[in-house]
Amino acid sequence: MKKGNESGLTIVFSLFFLVIILTLFSVLFSQSALNKTDLATKEINLAELNINLINYLRTPVENGLTVRDLIVNSYYNNDYKKLDNITNNIFNKVYDKEKCPLWDVEGEIDKKEFFEYESEFDIRKYSLQQSPRNILTLFTKDKILPNSYTIEIILPDKSKKAEITLTEGCLNE
Amino acid sequence: MNKKAVFMPVFSFLVLILLTGAYYELFIKGINNQYNSIGENQKEIIQAYNKGQEYELNAEYAVRYSSYSAIQDFIKNSGVLEKCNNTWQFNSECDPDLQNNFINLFNLELSSYNYKLKEVKLQENTLIVTLEDFNYQKELKNFKVNYALPIIIKQDMTFDLKKITDIKEEIRKCAEKGEDLNTCVNEKNQVQGSIIQFTVENNKNILVFEQGKLESKRQDFTFKINTNNIGIEKQKVF
């Protein structure tokens with residue numbers, strides 16, 4: 001092979017190698033930085049979620065009763081109509097459909113679900129970003145970051161334990 | 001090889017070494033350094049606040065449910081011990097020391113929810129319950145969280161204890177003066193031999209949890225007095 005051709009090939013391969021290195025490290029750096037930012041921001045998101053859940057439980061309904069009383073009464077009377085209406089009404093106002101298209105409230109007593117309400121959410125439109133390490137999600141347009149918070153509540157029946165979980169999914173902008 | 005052609009492979013190799021070194025320093029070796037713990041302290045503060053709010057929310061309901069159960073037991077036993085068979089006898093273990101008896105019942109119920117009491121007061125018909133402060137403590141590398149939240153809960157009683165206490169005082173005065181207990185108070189009563197049974201209407205609904213159901217019902221307060229054994233001696237007039 002001629003000396004000039006050999007040099008040209010070396011430069012081309014080196015450039016190709018450099019491009020691969022830069023691409024690989026840009027992905028690695030951005031992913032690792034994302035994980036770090038997530039650690040700090042996730043807790044702040046969880047704090048907001050906790051406040052939303054506590055405010056929901058403390059929302060006055062009627063005759064001095066709150067949503068929390070309504071949850072307990074609905075369970076003991078097996079009538080969830082009012083709870084359904086009020087929950088949908090509250091969370092459809094709290095969450096902007098465009099920014100946070102997913103919300104879900106679920107109640108469990110002794111690990112058995114007794115109610116669940118959720119937004120009208122079309123999962124086909126979004127990508128649920130379960131793990132930021134998944135490189136493929138970097139290239140998806142509308143990523144949803146689901147967060148959930150659970151509060152344990154006491155019941156008049158001391159032998160039972162209830163848990164209310166709020167999950168929200170907002171767009172990662 | 002041409003000298004110019006050597007530059008690119010060497011440069012690429014140097015970039016690789018530089019970036020690998022930087023990644024190692026920043027994200028592998030430095031995982032525990034102070035820059036990586038940015039947000040950890042704030043996270044603990046938020047966590048402390050959240051846990052405090054949850055504790056307070058459940059404490060409010062523990063007080064509420066305990067007051068419902070205490071009222072139910074209080075009405076069932078006419079404000080005295082179960083062994084007194086709904087009969088009041090002053091200056092004995094069946095003395096209608098209504099406020100204290102109610103607070104004892106309430107304390108018993110609340111303790112089953114594992115909340116530690118500091119103080120319980122009854123003002124008019126409002127229970128004022130002071131629980132032990134909520135405490136959250138955590139020690140991190142360069143940060144210490146010590147969060148205390150005082151818990152004071154006011155709970156309106158779904159039962160007019162003040163009215164019953166006033167009736168008790170009227171009966172005591174009548175007994176001391178030796179007046180007829182039958183006509184002493186305006187409440188409904190039934191006389192069977194030496195036993196007078198009084199019924200005090202309760203105009204508030206009480207919440208009762210029975211057989212797996214939560215019911216709101218109106219329940220009157222009844223108590224009996226044995227006129228042969230009131231526990232109070234008639235005052236002598238000199």
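Of note:
- In nm, spacing of pseudo-spin labels at residue A:13 and residue B:216 (7 Å Cα→C-beta vector): 8.4
- Contact surface B-A: accessible area buried, both sides summed, square angstrom, 1.4 angstrom probe: 3800
- Of the residues B:180, B:95, B:156, the one that moves most in a GNM of chain B with alpha-carbon contacts below 10 Å is B:180.
- Accessible surface ranking for B:168, A:93, 1.4 angstrom probe, highest first: A:93, B:168.
- Structural size metrics of the protein assembly as shown, computed from C-alpha coordinates, are Rg and Dmax of 34.6, 141 Å.
- If you take the alpha carbon atoms of the range B:168-230 and fit the smallest convex hull around them, that volume is 107 Å³ per residue.
- Förster radius 60 Å - calculated FRET efficiency between residue B:81 and residue A:97 (Cβ-Cβ, nearest 0.05): 0.50
- Per residue accessible area in Å² of the range B:166-228, where ligands, DNA and RNA are left out and the probe is 1.4 Å: 60
- Exposure rank, largest accessible area first [A:15, B:19; 1.4 Å]: A:15, B:19
- Calculated FRET efficiency, residue A:59 to residue B:165, Cβ-Cβ distance, R0 = 41 Å: about 0.70 to the nearest 0.05.
- Heavy-atom accessible area, 1.4 Å probe, ligands and nucleic acids excluded: residues of the range B:207-223 down by at least 40 Å² from chain alone: B:209, B:214
- FRET efficiency, 1/(1 + (r/R0)^6) with R0 56 Å, evaluated for residue A:30 and residue B:204 via beta carbons: 0.35
- Within the accessible area of chain B (1.4 Å probe), percent carbon and sulfur: 48
- Taken along the Cα-to-beta-carbon direction at a fixed 7 Å, the label points for residue A:51 and residue B:113 span 2.6 nm.
- Residue B:218 accessible area, assembled protein chains, probe 1.4 Å, Å²: 150
- Inter-probe distance in nm under a simple model that places probes 7 Å from Cα toward Cβ, at residue A:20 and residue A:121: 4.0
- The Rg/Rh ratio for chain B is 1.45, where Rg is the radius of gyration of the alpha carbons and Rh is the Kirkwood radius.
- Sequence-separation-based contact order of chain B, relative, with Cα cut under 8 Å and 6+ spacing, percent: 18
- Using a probe of 1.4 Å on the protein chains alone, the accessible area found for residue A:54 is around 10 Å².
- Interface residues in the range B:46-87 - accessible area drops by 50 Å² or more relative to the isolated chain, probe 1.4 Å: B:46, B:50, B:54, B:57, B:58, B:61, B:65
- Heavy-atom accessible area, probed at 1.4 angstrom with all protein chains present, ranks B:60, A:152 as A:152, B:60, highest first.
The values are calculated or read from the model by the stated rules, or taken from the named source; none is laboratory data. Just so we're clear, the structure is a prediction, and the values are computed from it rather than from any experiment. Glycine gets a Cβ as well: all are built from the backbone with ideal geometry, and neighbour counts include every protein chain shown. Areas reflect the complete protein model, heavy atoms only, side chains present, ligands, DNA and RNA absent. Shrake-Rupley method; radii C 1.70, N 1.55, O 1.52, S 1.80 Å.
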